[in-house]
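Asks: Handing you a structure now.
The values are calculated or read from the model by the stated rules, or taken from the named source; none is laboratory data. All figures in this text were calculated on a predicted structure; none of them were measured in a lab. All Cβ positions, glycine included, derive from the backbone under ideal geometry; neighbour counts span all protein chains shown.
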Amino acid sequence: MGIEDLRTSTRGRVLLPGDAGFEQAAQPWNVAVAQTVAAVAEVADAADIAAVLQYAGAAGRQVVTQPTGHGATGDIDSAILVRTAALNHLEIDAEQRVARVGTGVQWGAVQAAAAAHGLTGLAGSNPVVGITGYTLGGGFGWFARKYGWAADAVRAFRIVDASGRAGRVSAESDPELFWALRGGGGDFAVVTEIEFDLFPLPRLYGGRVMWSADRTREAFDLFTELTTDAPAELSVWLQRYQIPGAAPTVAIDFAYLGEAAEGRELTARLDRVDGILADTRGVLTPAQIGKITAEPTDPSPSLSRGELLTDLDGAVLDTLIDAPVAPLLNIQLRGLGGALTETRPDGGARGPLHEPYALYMLGLGLPHLLDDIRARFGEILGKLAPHLTGTKPYTFLAPGESAAAAFDPATLARLQQIKRDRDPNGVLRANFPVHG
């Protein structure tokens, strides 16, 4: 059986190099990442996935699954790329506070469906991010300080394993694989559905307050004040922007799980800094969570780097607050803590985060800028070295980095053993494989 025979063994569309639409189908969300793959299988169902995996096992090829391609690395030469947009079923059980969601669904759709019942999932900040890669990598967004990792809210997965067998994985049916899938990445099975807890959200207050860059030090002081004494219901991020053709700015973004009056009181100190350029504070629904940061929802070229910080002392201040942002577009600080620090006996592979802050840096991924952006990353990280732990969330990994940076040695060794047990021939490949 040749790779072209996948067309007759699957119901979904299979595209090969040279076919009309192949380049577009192979392109991930980050258009700065090039993927040289042997085929793109736009699967229709679990049976299609099984057919692709069985062919790949026999042919000695790898299979990479990317519902949206937000975490693509480009390091998948000659693999078969599986797209799962057709697996888009979405069911909300409001009484049980549970969602059952196909692997092709994006967070915006989940949030809109849950909001109709006064519920929320543990979504990130961008509505077009897929639920699957985000959750398999742990997943933390605006509600993580209150409720923890998205991965730990999962009740069950429906999967197709490396040999092509379909099944349901839960704490009862397969505790070891269930543990690995909750935060260990996509190296162990192809997920076709996730069943996860929803949380009550009767009220949500949040938004952005923005100033010109000359208020950066004052905004930083507010950020540190807010994150030092914030209740778990309040999450706060600091953003520094240098958009080409525009004046540099600084912003504080926040989300508060509670009544608007309480949220206004908790964040009233933002009004102490004069010269507000924009103020979007207000009542939101879970479906509107993406409005806070207003991140791009169309594919775009980017280069990013994420780290965890132990503190925000003077060296951090000099490097991240006083120095120019350019040639980067954005320097972001997130306040962590809360439920993210908790060790859960029934938790997944992700485990707790003890660092109080996350750093995320973003540049425009155009060829003529890449060297300068990488150099700036290196300069910043070199100066911050004493304040970096060397580990980071799996979803913060960038092309060229290893899954080893996301896990402690014992967790990584356990994940690697599960990989050997469940996929001894290495048919499945995550964007960041645990096996090196």
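Asks: Yes or no: residue 118 under 18 Å from residue 190 (Cβ atoms), outside the structural domain of residue 39 (by TED's automatic domain parsing) and of a type outside the set (A, V, I, L, M)? Write out each step before concluding.
Replies: Working: under 18 Å from residue 190 (Cβ atoms): no; outside the structural domain of residue 39 (by TED's automatic domain parsing): yes; of a type outside the set (A, V, I, L, M): yes.
Considered against the rule, which asks whether it is under 18 Å from residue 190 (Cβ atoms), outside the structural domain of residue 39 (by TED's automatic domain parsing) and of a type outside the set (A, V, I, L, M), residue 118 comes out as no.
Asks: Does any residue of the stretch 204-213 turn out to be more than 24 Å from residue 147 (Cβ to Cβ), of a type outside the set (A, V, I, L, M) and out of contact with any strand residue (DSSP E or B) (no Cβ under 8 Å at 6 or more places or on another chain)?
Replies: Restricting attention to the stretch 204-213, the residues satisfying the condition of being more than 24 Å from residue 147 (Cβ to Cβ) are 209-213.
Restricting the remaining residues to those that are of a type outside the set (A, V, I, L, M) gives 211-212.
The next check asks that each one be out of contact with any strand residue (DSSP E or B) (no Cβ under 8 Å at 6 or more places or on another chain); those that pass are none.
Checked against the condition, which is being more than 24 Å from residue 147 (Cβ to Cβ), of a type outside the set (A, V, I, L, M) and out of contact with any strand residue (DSSP E or B) (no Cβ under 8 Å at 6 or more places or on another chain), the stretch 204-213 yields no hits at all.
Asks: Identify, please: which residue in the stretch 250-287 is polar (S, T, N, Q) and at pLDDT 95 or above and is, among those, nearest to residue 116 (Cα to Cα)? Spell out the reasoning first.
Replies: Let us first name the residues in the stretch 250-287 that are polar (S, T, N, Q), namely 267, 280, 285.
If we keep only those that are at pLDDT 95 or above as well, we get 267, 280.
Details: 267: 27, 280: 23 Å.
That would be 280.
Asks: State the number of residues belonging to the stretch 119-146 that are farther than 17 Å from residue 290 by Cα and surrounded by fewer than 24 Cβ atoms within 10 Å (Cβ to Cβ). Quick ask: steps written out before the conclusion?
Replies: The initial filter retains those residues of the stretch 119-146 that are farther than 17 Å from residue 290 by Cα, namely 132-133, 135-138, 145-146.
Okay, now just the ones that are also surrounded by fewer than 24 Cβ atoms within 10 Å (Cβ to Cβ), so 146.
Here the count works out to 1.
Asks: Hey, another quick one. Pull up the stretch 376-395, narrow it to residues that are in contact with a strand residue (DSSP E or B) (Cβ under 6 Å, 6 or more places away or on another chain) and in a loop (DSSP other than H, G, I, E, B), then point me to the one that is farthest from residue 151 (Cα to Cα). Explain how you work it out, then say what you get.
Replies: Pass one, the stretch 376-395, residues in contact with a strand residue (DSSP E or B) (Cβ under 6 Å, 6 or more places away or on another chain): 377, 387-389, 392.
Keeping just the survivors that are in a loop (DSSP other than H, G, I, E, B) gives 389, 392.
Numbers: 389: 22, 392: 16 Å.
Checking each candidate, the answer is 389.
Asks: Let me ask something additional. Here's a check for you: in the stretch 237-248, which residue that is modelled with pLDDT of 95 or more and more than 15 Å from residue 331 (Cβ to Cβ) is surrounded by the most Cβ atoms within 10 Å (Cβ to Cβ)?
Replies: It comes out as 247.
Asks: Tell me whether the stretch 70-86 contains one or more residues that are under 17 Å from the mean Cα position of the chain (by Cα) and among the hydrophobic types (A, V, I, L, M, F, W, C).
Replies: Taking every residue of the stretch 70-86 in turn, at least one turns out to be under 17 Å from the mean Cα position of the chain (by Cα) and among the hydrophobic types (A, V, I, L, M, F, W, C).
Asks: So residue 373 fits all but one of (1) β-branched (Val, Ile, Thr); (2) out of contact with any helix residue (DSSP H, G or I) (no Cβ under 8 Å at 6 or more places or on another chain); (3) part of a loop (DSSP other than H, G, I, E, B); what number is the exception?
Replies: (3)
Asks: Pull out all pairs, ordered by first then second residue, where Cβ-Cβ is under 8 Å, the residues are six or more apart or on different chains, the first lies in the stretch 67-89 and is within 20 Å of residue 301 (Cα to Cα), and the second is aromatic (Phe, Trp, Tyr).
Replies: Filtered contacts from the stretch 67-89: 68/29; 69/29; 70/29; 70/134; 71/432; 72/29; 73/432.
Asks: Quick one: which strands (runs of 3 or more DSSP E) lie wholly within the stretch 166-250 and hold at least 3 residues that are more than 22 Å from the chain's Cα centre (by Cα)? Outline the logic, then answer.
Replies: Values: elements: 166-170, 190-197, 205-212, 234-241.
Passing ranges, in order: 166-170, 205-212.
Asks: I want to confirm something. Restricting to the stretch 290-310 and keeping residues that are farther than 18 Å from residue 361 by Cβ and either modelled with pLDDT under 95 or not aliphatic (A, V, I, L, M) (or both), which single residue is surrounded by the fewest Cβ atoms within 10 Å (Cβ to Cβ)? Show your work before the answer.
Replies: Here is the first cut: in the stretch 290-310, the residues farther than 18 Å from residue 361 by Cβ are 290-292, 294, 297-299.
Next cut, either modelled with pLDDT under 95 or not aliphatic (A, V, I, L, M) (or both) only: 290-291, 294, 297-299.
Details: 290: 21, 291: 16, 294: 12, 297: 14, 298: 7, 299: 16.
Selected residue: 298.
Asks: Can we say residue 51 is assigned to a helix (DSSP H, G or I) and under 26 Å from residue 348 (Cα atoms)? Even if it seems obvious, please write down each step before you answer.
Replies: On the way: assigned to a helix (DSSP H, G or I): yes; under 26 Å from residue 348 (Cα atoms): no.
In short, no.
Asks: Sticking with this structure for a sec: Suppose we filter 151, 162, 114, 166 for residues that are touching a residue at least 60 places away in the same chain (Cβ under 8 Å), closer than 23 Å to residue 392 by Cα and among the aliphatic types (A, V, I, L, M); which single one remains?
Replies: Details: 162 fails: closer than 23 Å to residue 392 by Cα; 114 fails: closer than 23 Å to residue 392 by Cα; 166 fails: closer than 23 Å to residue 392 by Cα.
None of the other options fit; the residue is 151.
Asks: Still on this structure, I have one more. Could you check how many residues of the stretch 202-226 are crowded, with 19+ Cβ neighbours inside 10 Å and of a type in the set (Asp, Glu)?
Replies: 0
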